[in-house]
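The values are calculated or read from the model by the stated rules, or taken from the named source; none is laboratory data. The structure presented is a predicted model; accordingly, all values stated were derived computationally and were not measured. Using ideal geometry, Cβ is built from the backbone for each residue, glycine included, and neighbour counts are taken over all protein chains shown. These accessible areas exclude ligands, DNA and RNA; they are computed on the full protein's heavy atoms, side chains included. Shrake-Rupley method; radii C 1.70, N 1.55, O 1.52, S 1.80 Å.
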Amino acid sequence: MSRENLRADVIAGITVAMVLVPQSMAYAQLAGLPPYYGLYAAFLPVLIGALWGSSRQLATGPVAMVSLLTGTTLARFATPGTEQFITLAIALALIVGVMELALGLFRLGAIVNFLSHPVVVGFTNAAAIIIALSQLNKLLGVSVGRSEHFLVDIWGVLRLVGDTHWPTLAMGLAAFAVMMLMKKYRPKWPGVLAAVTLATLVSWAVGFERTGRAELAGFGDLPVRVVIEAVMSTNSRVVELEREIAAKKIDIQKLAREHPEGHPRTLALHYDVDVLLFESRIIERERSLRLAELRKFRLVQVSGDTPRYHAENLKPAGAPTDGRIWRVSKIDNGTVHLSGGGEVVGTIPPGVPSLAVPKISWDLLSALFSTALVITLVGFMEAVSVAKSMATRTRQRIDPNQELIGQGLANIASGFCKAFPVSGSFSRSAVNLTAGAVSGLSSVVTAAIVLVTLLLFTPALYHLPQAVLAAVIMMAVGNLINFKAILHAWRAHRHDGIAAVVTFVATLGFAPHLDTGLLVGAALAVVLYLYRTMNPSVVILSRHADGSLRDARLFGLPTSEYVIAMRFDGALYFANVPYFEDILLEEAARHPKAQYILVVSDAINEIDGSGEEVIRHLVARLQARGMTMVFSGMKLSVRDVLRRTGLETSIGMDNFFDTEEAALEAIFKRVSDENFDAATCPLRRQGEVS
């Protein structure tokens, strides 16, 4: 490598790292994980993806779409941020990695084509809106719980606008201003890093975060204490359930070792575990609702010999307060943690995560399989589309299967280093390319800077406001919202527009179950495709004045009573063979004197068993009526099917022709009706002599 290329890669790697460090923490938050897990996902996966992928400029790591899918789908199984949730996210990264690696090794990169472009457009627009709106509560500084209906949650946030924490909103808006101004006036500078750095310094200087702790006795109002006691009770029950589940799983493993052939008690233990898991999910949901209820209380600290917290509307009249509004942030081990300021990232464990193999049971694999499949398709599609868009500028060849291998190994590495699923990032890849990256060395430099950050600079990130991370996410997904693409799909084909709109609406409606919206769109696209191919173009032909065979009905041309010529456009398969059969028999009934039916087969590029069977049936049925089927221009692949099944022999080798003109010339000589005059036949070329 030349010195110039080395310098370009180093500069590009540093530039991408300046964007990646704050973005990775923001996307970890979007995935429902503590922010520092984003740094874990920004280290080893970035390095592995660059070394094994086919694109030299693709920047692998945490991305908004995959992070959102991770957070929303795993929220069904555990509360975001909990140990169980983190374990699921790590396992999901490994499952996605294995899926991508397997698809790459078996060269199945074309599977991404099952997601049509209109479906992807609809999904991307809806997901971008969901991503942006999901950060609204952090931008406003209000606390809300999560439910099974995303739009209901957003309505809940809007109802709390009056409780906006103004310093938090100011931090978020200031971050927006810095990023937008730098994007406009200094586009080559890392605006995200500048916003994060300035916000962190201001947060530290003004004491943006205010925290407090209290026991149950430190709250002076009965309504508040009742809710706190309920949360503490659910916390205790969750811990008990986790212990019971762990104990029964140990018993299952012990029985499996002692009785490899199976044991009757194993089934009972599995049933007990399922019941306990079901109860655990119910308790987790109740705890979330109780915490949401508790966070609605605006608390003030009343001064005195024993300071106590009171609800703002229930505090003793005239009692002096510290002038600050407090809210409950969490309850841990009987201690209530309160926040009297804005939320910050907080403590980040220094150092790199220890490498470990995630434990994945068959139950966990089956539960996460559908989610992993959707993330695999979406993540790979995003990575390949980014790589291909850059390849058009660099004239580099992209191998989708090799990219699958690279992304698969990156996700496996993410699972080993206790992170979550990753993919190729459009924004960081664009930064990488613009900064002059010429090889994967730039990603190696990026990973090295993330490593240094983990080892040395994590304390500096403590005071980073959560609202700024929310602003980073909202800014990043702004470019994903593109309603013109949906309109373009509608103009291209009405069915494509329908697929895009339905996917968009379904994704919003089913949120937070985004995978459901995507699958609905993909299924609809397949159904619409089948609907289109069920009624392909079938044209009755006649001779035009210019000498070509044209659509007789479209051009108002006369047809022959003795020879029917028709063209079938499309594959002849199970979905459209009834249509083909109906049209052909209808034309035969309309022309009772016809002795020959010519099927111009140039556009029939495929035939399946159903198509072969229908042709066999038609040949026999028409022969019984004194009509012969003749084919012209049949492709070799279709002809081979007829030859293997013996249908070619049944039809007769003399009824296959290379061109329609040769077929018509032979038919004219074979028609036996004495009233037939080849010279005046509407299918005869002008000037030809029979």
Counting sequence-distant residues (5 or more places) and residues on other chains, those with an amide H built under 5 Å from that of Val345 are Leu464, Gln466
Length-normalised contact order of segment 36-181 in % [C-alpha pairs under 8 Å, at least 6 apart]: 14 percent
Please list, in order along segment 446-456, the HN-Hα scalar couplings obtained from phi with the Karplus expression 6.51 cos²θ - 1.76 cosθ + 1.60 (θ = phi - 60°), rounded to whole Hz, x for Gly and Pro. 4, 4, 5, 5, 4, 4, 4, 4, 5, 7, 10
Taking the chain and dividing mean pair separation by its residue count, relative contact order in percent (alpha carbons under 8 Å, at least six apart): 24 percent
Output ³J(HN,Hα) for segment 659-670: one whole-Hz value per residue in order, computed from phi by the Karplus curve 6.51 cos²θ - 1.76 cosθ + 1.60 with θ = phi - 60°, and x for Gly and Pro. 10, 5, 5, 5, 5, 5, 4, 5, 5, 4, 6, 8
Exactly which trypsin sites (Lys or Arg not before Pro) in segment 199-288 are in a DSSP loop and have at most 16 other Cβ atoms within 10 Å? Arg210
Zone residues, segment 524-557, relative to Glu665, backbone N less than 18 Å from point 7 Å out along Cα-to-Cβ: 543, 547-549
With viscosity set to 1.002 mPa s at 20 °C, what whole-number translational diffusion coefficient in µm²/s follows for segment 328-421 from Stokes-Einstein and a Kirkwood radius over Cα pairs? 123 µm²/s
For peptides 600-613, 189-202, sequence by mean Cβ density within 10 Å, most packed first: 189-202, 600-613
Given a 1.4 angstrom probe, what's the average accessible area per residue across the chain, in square angstrom? 47 Å²
How would you rank 435-446, 542-553, highest first, on the average number of other Cβ atoms within 10 Å across their residues? 435-446, 542-553
Please give the helix 150-159 orientation as an angle from the longest Cα principal axis of the chain, in degrees from 0 to 90, rounded to the nearest 10. 40 degrees
Length gained if Ala620 through Ala177 is fully extended, taking 0.36 nm per residue and subtracting the Cα-Cα distance, is 151.8 nm
Can you give the log10 of the normalised intensity I(q)/I(0) at q = 0.14, 0.20, 0.23 Å⁻¹, computed with Debye over equal Cα scatterers of segment 168-259? -0.76, -0.95, -1.08
Efficiency of FRET from Cβ geometry, His488 and Leu169, R₀ 45 Å, rounded to 0.05: 0.80
Based on the mean of other beta carbon atoms within 10 Å per residue, what is the order of 149-157, 268-276, most packed first? 149-157, 268-276
If you average 1/r across every pair of different Cα atoms in segment 275-384 and take the reciprocal, what Kirkwood value do you get, in Å? 19.0 Å
Considering only the chain, percent of DSSP beta bridges that pair antiparallel, nearest 5: 65 percent
Segment 1-99: projected area of the alpha-carbon convex hull, averaged over directions, in nm²: 6.7 nm²
For segment 438-490 and segment 599-656, distance of Cα centres in Å: 59 Å
Charge dipole of the chain about the Cα centre (unit charges at C-beta), most positive-ward option of Met179, Thr394, Leu68: Met179
Added length on full extension, which subtracts the Cα-Cα distance from 0.36 nm per residue, Tyr185 to Thr649: 159.5 nm
With +1 on the Cβ of every Lys and Arg and -1 on the Cβ of every Asp and Glu, the dipole magnitude of segment 184-310 about its Cα centre, in debye rounded to the nearest 20, is 860 debye
Where a Cα-Cα gap under 22 Å defines reach, which lysines qualify for Lys248, not counting those fewer than 8 residues away within the same chain? Lys359
Subtracting the Cα-Cα distance of Arg76 and Leu198 from 0.36 nm times their residue separation yields 40.3 nm
Once both labels are modelled 7 Å past Cα along the beta-carbon direction, what's the Arg639-Ser361 spacing in nm? 6.1 nm
Using 19 Å as the cut-off for backbone N distance, which residues of segment 458-481 belong to the label zone defined by a point 7 Å from the Cα of Thr347 along Cα→Cβ? 458-466
Round to the nearest 10 and give me the degree value, 0 to 90, for the angle of helix 514-534's Cα axis relative to the longest principal axis of the chain. 10 degrees
Placing +1 at every Lys and Arg Cβ and -1 at every Asp and Glu Cβ, with all other atoms neutral, what dipole size does the chain have around its Cα centre, in debye to the nearest 20? 2100 debye
Positive dipole terminus of segment 540-585, leading residue within Pro578, Tyr562, Ser542 (C-beta point charges): Ser542
Select from Thr234, Gly207, Ile375 the residue farthest towards the positive end of the dipole of the chain; place +1 on Cβ of Lys and Arg, -1 on Cβ of Asp and Glu, and compute about the Cα centre. Gly207
If amide hydrogens are placed 1.01 Å from N in the peptide plane, which non-local residues have theirs closer than 5 Å to the one on Phe420? Ala41
Take Leu255 and Ser354, extend 7 Å from each Cα along the Cα→Cβ direction, and tell me the distance between the two endpoints in nm. 3.1 nm
For segment 194-246, with only Lys/Arg (+1) and Asp/Glu (-1) charged at the beta-carbon, what is the dipole magnitude about the Cα centre, in debye rounded to 20? 160 debye
I need to check one value: relative contact order of segment 1-82, counting alpha carbon pairs closer than 8 Å and at least 6 residues apart, in percent. 28 percent
1/(1 + (r/R0)^6) with r = Cβ-Cβ of Leu158 and Glu581, R0 = 60 Å, i.e. FRET efficiency to nearest 0.05, evaluates to 0.55
Members of Lys388/Lys484; Lys330/Lys418; Lys183/Lys296; Lys138/Lys315 lying beyond 30 Å, as alpha-carbon distances in this model show: Lys183/Lys296
Tell me the mean residue ellipticity at 222 nm calculated for the chain from its helices only (DSSP H runs of n ≥ 4, each -39500 (n - 2.57), averaged over every residue, nearest 500). -19500 deg cm²/dmol
Dmax and Rg, reported as Rg then Dmax, of segment 540-660 (C-alpha, Å): 13.8, 41
Angle between the chain longest axis and helix 191-206 axis [Cα atoms, degrees, rounded to 10]: 20 degrees
Amide H contacts of Ala565 (H built 1.01 Å from N, under 5 Å, at least 5 apart or other chain): Leu541, Leu598
